[in-house]
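The values are calculated or read from the model by the stated rules, or taken from the named source; none is laboratory data. Owing to the predicted nature of the structure, the values given are computational and were not obtained by experimental measurement. Reconstructed Cβ throughout: ideal geometry from the backbone, glycine too, with neighbour counts over all protein chains shown. Accessible surface is based on the protein model in full, side chains and every heavy atom, while ligands, DNA and RNA are left aside. Shrake-Rupley method; radii C 1.70, N 1.55, O 1.52, S 1.80 Å.
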Amino acid sequence: MTFSIVGRDPLTGDLGVAVASKFLAVGALVPFVQGGVGAVATQSYVNPTFGPEGLRRLSAGLSPQQVSAQFQAEDPGIGQRQFGLVSASGHSATFTGPGCHDWAGGFAGPDVAIQGNILTGEEVVTAMREAWEAGTGLPLPRRLLAALDAGDRAGGDRRGRQSAALLCAGPGRGYGGLTDDWVNLRADDHEAPCAELARLLDLHDLLFTRPAQTRPFTAAELDWLRALLRRQGYAQALPDGAWDAQTEAAAWALYGTENLEERWVAGGEVDPVALAYLQGRYPG
């Protein structure tokens, strides 16, 4: 009893799923993603084995269509199931069993599979497809979330709203560039779960995105930073003038406390996004 979108960014290879439902913690059951392999959404009297098993079969070289055919042949409850798959090559498949509650259906095309059941109508899938197609050029999490929000605004789950989730992976996208796991956000029980996901994604981008550009601190900014570091107890005293090792050590400690380490730049350079956040958090 859910609507979801499974997608791939053809330029970066990023893969992901966005999902919403009148169901507690839908993100715990529906979305499955593996960087370089594929993404799966499994829903409607959900068979949670379809997620890991679908990824395993995609990793073994099967196409989404082949995986879909195998699921249909193997699962005795398939008539009530619904799922979507996208492979790392951009091939896709969606399936809606004849026993899914109306309105139920989906769409599959290059790099995307959209599906939903107990929807207000076909307009939900249509709105999601239009938003996906209009989102070319957006980072994958933003593009998926825009499509999910469009489906929600078009009516979404006709029973109402409760939870939503966004799960994405991409080459080296994870924390510190050490894994492919990228975005993993959930609104498990919320009156406006899609809006809450948007808020969480903004916060995720602040804390876990590497700087797009950097520049040296101005003299005034450096004076402000040193005053902040002394006021917050990161240093007893700091020298005036040019950037120095003592200021760098204290500033690094501040960034770590604020969970801004992904935006850290050494040597007296600063990410303007991190600076704006700190100035807003510590005015004066």
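Only one of these is under 15 Å from VAL33 (Cα atoms) and modelled with pLDDT of 95 or more: PRO98, PRO76, PRO52. Name it. Lay out the reasoning, then the answer.
Values: PRO98 fails: under 15 Å from VAL33 (Cα atoms); PRO76 fails: under 15 Å from VAL33 (Cα atoms).
After ruling out the rest, the residue left standing is PRO52.
Of (1) open to solvent by 50 Å² or more (accessible area, probe 1.4 Å); (2) in contact with a helix residue (DSSP H, G or I) (Cβ under 8 Å, 6 or more places away or on another chain), ALA28 satisfies all except one. Which?
Result: ALA28 passes all but (2).
In the stretch 218-252, which residue that is open to solvent by 40 Å² or more (accessible area, probe 1.4 Å) and within 33 Å of the chain's Cα centre (by Cα) is nearest to HIS204 (Cα to Cα)?
The qualifying residue nearest to HIS204 (Cα to Cα) is TRP252.
Looking at the structure I just gave you, is TYR277 modelled with pLDDT under 95, open to solvent by 50 Å² or more (accessible area, probe 1.4 Å) and not aliphatic (A, V, I, L, M)? Step through it out loud before you land on a result.
On the way: modelled with pLDDT under 95: no; open to solvent by 50 Å² or more (accessible area, probe 1.4 Å): yes; not aliphatic (A, V, I, L, M): yes.
No: the conditions fail for TYR277.
With the requirement that a residue be small (Gly, Ala, Ser) and in contact (Cβ under 8 Å) with a residue 40 or more places away in the chain, what does the stretch 166-186 give you?
Matches in the stretch 166-186: ALA169, GLY170, GLY176.
Sort out which residues of the stretch 196-211 are aliphatic (A, V, I, L, M) and touching a residue at least 12 places away in the same chain (Cβ under 8 Å), and write them in order of number.
Those that are aliphatic (A, V, I, L, M) and touching a residue at least 12 places away in the same chain (Cβ under 8 Å): LEU197, ALA198, LEU200, LEU201, LEU206, LEU207.
Can you tell me which residue in the stretch 43-84 is nearest to CYS100 (Cα to Cα), limited to those that are small (Gly, Ala, Ser), open to solvent by less than 70 Å² (accessible area, probe 1.4 Å) and in a helix (DSSP H, G or I)? Let's see the steps before the verdict.
Let us first name the residues in the stretch 43-84 that are small (Gly, Ala, Ser), namely 44, 51, 54, 59-61, 63, 68-69, 73, 77, 79, 84.
Those left that are additionally open to solvent by less than 70 Å² (accessible area, probe 1.4 Å): 44, 51, 54, 61, 63, 68-69, 77, 79, 84.
Remaining after also requiring in a helix (DSSP H, G or I): 51, 54, 68-69, 79.
Values: GLY51: 19, GLY54: 20, SER68: 16, ALA69: 18, GLY79: 7 Å.
Only one residue fits best here, namely GLY79.
Condition test on ALA165, is it more than 30 Å from GLN115 (Cβ to Cβ) and either open to solvent by less than 20 Å² (accessible area, probe 1.4 Å) or at pLDDT 95 or above (or both)?
Working: more than 30 Å from GLN115 (Cβ to Cβ): no; either open to solvent by less than 20 Å² (accessible area, probe 1.4 Å) or at pLDDT 95 or above (or both): yes.
Judged against the criteria, ALA165 is not a match.
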